[in-house]
Amino acid sequence: MLAFSKRDHTTKWWGNEERYGRPHYVHVVRDSAGQLKDVYRYYWDERGKPVLDGERSIYRWEHDPGLIIEYRDGKEIYRAEAFFTG
């Protein structure tokens with residue numbers, strides 16, 4: 001189950017100037033050491049329920065999203081795993 005908070009920052013505050021048509025928010029999950037673990041975007045529907053919409057990045061390490069999932073109105077539309085070699 002994903003966590004959501006009415007205190008999450010808007011996507012505009014987060015640095016995303018894209019216009020979605022309604023306010024979108026960003027939820028950030030950090031581990032006990034303060035490293036990014038999960039970042040996802042959502043909006044609140046008319047019933048007050050959160051709906052995933054936009055990019056979700058799941059991090060293996062800081063600055064290294066291992067999985068990127070794109071959502072539109074709560075449905076997954078794209079998924080990519082990042083593999084780094086070298």
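Among the residues of segment 43-86, those identified as surrounded by 11 or more Cβ atoms within 10 Å (Cβ to Cβ), under 16 Å from residue 25 (Cβ atoms) and over 13 Å from the mean Cα position of the chain (by Cα) are 44, 45, 49. Of the residues in segment 56-65, none is part of a loop (DSSP other than H, G, I, E, B), modelled with pLDDT of 80 or more and of a type in the set (Gly, Ala, Ser).
Report every pair of residues separated by at least 6 positions or lying on different chains whose Cβ atoms are under 8 Å apart, first residue within segment 66-84 and under 15 Å from residue 39 (Cβ atoms), second outside any strand (DSSP E or B). Filtered contacts from segment 66-84: 66/82; 67/82; 68/82.
Residues are listed down the side, and each one gets a yes or a no for (1) at pLDDT below 90; (2) surrounded by 11 or more Cβ atoms within 10 Å (Cβ to Cβ); (3) assigned to a loop (DSSP other than H, G, I, E, B):
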| position | (1), (2), (3) |
| --- | --- |
| 6 | yes, no, yes |
| 12 | yes, yes, no |
| 19 | yes, no, yes |
| 23 | yes, no, yes |
| 27 | no, yes, no |
| 33 | no, no, yes |
| 37 | no, yes, no |
| 41 | no, yes, no |
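Can you pull out the residues in segment 66-86 that are of a type in the set (Phe, Trp, Tyr) and in a loop (DSSP other than H, G, I, E, B)? The answer is 83, 84.
The values are calculated or read from the model by the stated rules, or taken from the named source; none is laboratory data. On a predicted model such as this, the values are computed, not experimentally measured, just so you know. Cβ: placed from backbone, ideal geometry, glycine included. Neighbour counts: every protein chain shown.
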